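I have placed the structure first, in the form of structure tokens, so that the comments after it can refer back to it.
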Amino acid sequence: MSKCLAASILILAAFFSSFPATHAEETALFRLTDRAAPVGISAREPSLATLPDGRIILSWTEENGAEAEVRMAILDGSEWSDARTIHKSSKIYINWADFPSVAVLADGGLAAQWLKLNGEGDYQYDVNIAFSMDEGRSWTEPLIPHDDRSQREHGFVSLIPDQFGGLTALWLDGREYDNQTEGESFENAMQLRARQVDSDGAMKPESLLDARACTCCQTSAARTASGDFVAVYRDRTAEEIRDISIVRSIGGEWTQPLTVHNDGWEIAGCPVNGPAIDAIGDKATVIWFTAASDEPRVRIAFSDDGGMQFDEPLRLDLGAASGRVDVLQMLDGSVLALWMEYVSGGEPIVLCHVSRGTGCAAPQALYVNRGAGSVGFPRMTRGEAGAFVAWTQPTGASDRSTTVRVVEVALAP
């Protein structure tokens with residue numbers, strides 16, 4: 001470790017140790033306001049989306065005995081709607097890294113995805129997708145986007161709305177996992193697959209995008225000005241290099257995978273740490289975690305052509321990165337970048353306003369978790385004054401119960 005990096009960690013530790021762990025506060029860079037969500041007992045794994053009129057959708061899961069619920073609520077200004085149940089079942093698969101989400105469709109509808117067990121094993125589940133035309137008060141019967149019905153993993157879903165009221169679903173698919181013969185170069189491979197789903201639920205044929213992807217890292221996708229899709233994920237070579245790859249859908253045809261940056265992270269196991277991408281117009285930005293050469297880092301790369309090419313990446317982290325990233329593209333080409341660090345016995349959620357010219361000039365800890373349990377994978381969505389951030393909040397109780405925390409982040413003038 002360099003002297004400069006070691007000094008950065010000490011400064012980071014001192015900064016985070018003075019930051020309150022119990023509530024958000026106003027600072028010079030970001031103004032933070034708690035938005036207490038209408039969640040129930042054992043709420044966890046939140047996700048966020050923004051409606052065209054600026055209202056915010058929060059989705060999450062709750063467990064109650066043998067059953068679990070996927071739920072949602074809508075924030076209008078400072079007021080939440082009632083909590084609405086998307087799906088309730090004893091078969092809902094709950095996982096800290098692979099969680100439900102809601103997408104806003106072009107026709108005003110909503111789409112939700114979650115995972116449902118299809119066998120007795122821990123890793124046997126299908127993707128379920130349902131639609132709502134009344135802001136989550138009622139939902140269609142769920143459909144399964146993958147043709148494969150084997151008792152294997154199907155998850156880590158991204159829903160990409162199109163301009164016609166439908167969407168494309170992107171997921172990791174385990175149909176070939178454990179199916180290969182010993183010695184094959186694609187032994188124990190998870191695949192990256194996608195499928196277009198029309199607004200009426202009709203499905204186009206599946207597309208195989210990558211025959212060998214990292215087993216359990218999140219996917220992420222966005223739509224560019226042309227209406228094309230761009231998606232990122234953690235890839236996996238036969239030599240166990242697990243860098244970030246990108247695929248693009250141009251006129252309905254998917255491109256071959258390309259590496260965003262040759263980090264060269266060789267790891268014989270899944271780091272459970274996927275990338276994130278966001279786009280406005282032709283500006284697209286990817287953020288990711290890597291630990292190549294045993295040095296944990298968070299990197300970010302900018303594109304001005306819808307993800308065809310990316311600049312040389314910038315390093316964002318402060319020397320103790322653990323990843324779990326998210327990113328929001330802004331109109332001026334800058335972004336809000338979010339990631340996690342581990343320092344001084346705490347788990348800080350770090351947010352930074354990043355630009356090509358200045359990089360990450362003033363990182364801020366939104367919250368530092370110093371107790372038992374984890375904040376999971378914090379998620380962001382665009383707000384009128386900046387962003388909203390949500391995460392799983394350990395309550396500190398002896399039963400390790402959780403709730404969901406939502407913070408509005410306004411950029412100071």
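The values are calculated or read from the model by the stated rules, or taken from the named source; none is laboratory data. Owing to the predicted nature of the structure, the values given are computational and were not obtained by experimental measurement. Don't worry about glycine lacking a Cβ; one is built from the backbone with ideal geometry, like all the others, and counts go over all protein chains shown. The accessibility values were calculated without ligands, DNA or RNA, using every heavy atom of the protein model including side chains. Shrake-Rupley method; radii C 1.70, N 1.55, O 1.52, S 1.80 Å.
With respect to Val102, determine if the residue is open to solvent by less than 10 Å² (accessible area, probe 1.4 Å), in contact with a Leu (Cβ under 9 Å, 6 or more places away or on another chain) and closer than 30 Å to Pro271 by Cα.
Working: open to solvent by less than 10 Å² (accessible area, probe 1.4 Å): no; in contact with a Leu (Cβ under 9 Å, 6 or more places away or on another chain): yes; closer than 30 Å to Pro271 by Cα: yes.
Spelling it out, it is not the case that Val102 is open to solvent by less than 10 Å² (accessible area, probe 1.4 Å), in contact with a Leu (Cβ under 9 Å, 6 or more places away or on another chain) and closer than 30 Å to Pro271 by Cα.
Among residues belonging to the range 394-413 that are touching a residue at least 60 places away in the same chain (Cβ under 8 Å) and part of a loop (DSSP other than H, G, I, E, B), point out the one that is farthest from Pro46 (Cα to Cα).
Checking each candidate, the answer is Ala412.
Might you let me know whether the range 258-267 holds any residue that is open to solvent by less than 10 Å² (accessible area, probe 1.4 Å), in a strand (DSSP E or B) and of a type in the set (Val, Ile, Thr)?
If we filter the range 258-267 for residues that are open to solvent by less than 10 Å² (accessible area, probe 1.4 Å), which is where we start, we get none.
Taking every residue of the range 258-267 in turn, none turns out to be open to solvent by less than 10 Å² (accessible area, probe 1.4 Å), in a strand (DSSP E or B) and of a type in the set (Val, Ile, Thr).
Considering only residues of the range 186-227 that are closer than 14 Å to Val157 by Cα and either surrounded by fewer than 14 Cβ atoms within 10 Å (Cβ to Cβ) or among the hydroxyl-bearing types (Ser, Thr, Tyr) (or both), which is modelled with the lowest pLDDT?
Thr215
Identify the residue in the range 325-343 that is open to solvent by 10 Å² or more (accessible area, probe 1.4 Å) and in a strand (DSSP E or B) and, among all such residues, is farthest from Ser249 (Cα to Cα).
Val343
Does Ser322 satisfy being touching a residue at least 24 places away in the same chain (Cβ under 8 Å), surrounded by fewer than 21 Cβ atoms within 10 Å (Cβ to Cβ) and in contact with an Asp or Glu (Cβ under 9 Å, 6 or more places away or on another chain)?
The answer is yes for Ser322.
For (1) part of a strand (DSSP E or B); (2) more than 17 Å from Gly376 (Cβ to Cβ); (3) open to solvent by 10 Å² or more (accessible area, probe 1.4 Å), each residue gets a yes or a no:
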| site | (1), (2), (3) |
| --- | --- |
| Ala37 | no, no, yes |
| Ser42 | no, no, yes |
| Pro46 | yes, no, no |
| Gly54 | no, yes, yes |
| Ser59 | yes, no, no |
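This table checks each residue for (1) surrounded by 14 or more Cβ atoms within 10 Å (Cβ to Cβ); (2) in a loop (DSSP other than H, G, I, E, B); (3) touching an Asp or Glu at 6+ places or on another chain (Cβ under 8 Å).
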residue: Tyr233; (1), (2), (3): yes, no, yes
residue: Glu239; (1), (2), (3): no, yes, yes
residue: Val247; (1), (2), (3): yes, no, yes
residue: Gln256; (1), (2), (3): no, yes, no
residue: Val272; (1), (2), (3): yes, yes, no
residue: Ala279; (1), (2), (3): yes, no, no
residue: Ala284; (1), (2), (3): yes, no, yes
residue: Trp288; (1), (2), (3): yes, no, no
residue: Val298; (1), (2), (3): yes, no, yes
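Determine whether Thr168 is of a type in the set (Val, Ile, Thr), modelled with pLDDT of 95 or more and either open to solvent by less than 40 Å² (accessible area, probe 1.4 Å) or over 22 Å from the mean Cα position of the chain (by Cα) (or both).
For Thr168, the condition - of a type in the set (Val, Ile, Thr), modelled with pLDDT of 95 or more and either open to solvent by less than 40 Å² (accessible area, probe 1.4 Å) or over 22 Å from the mean Cα position of the chain (by Cα) (or both) - is met.
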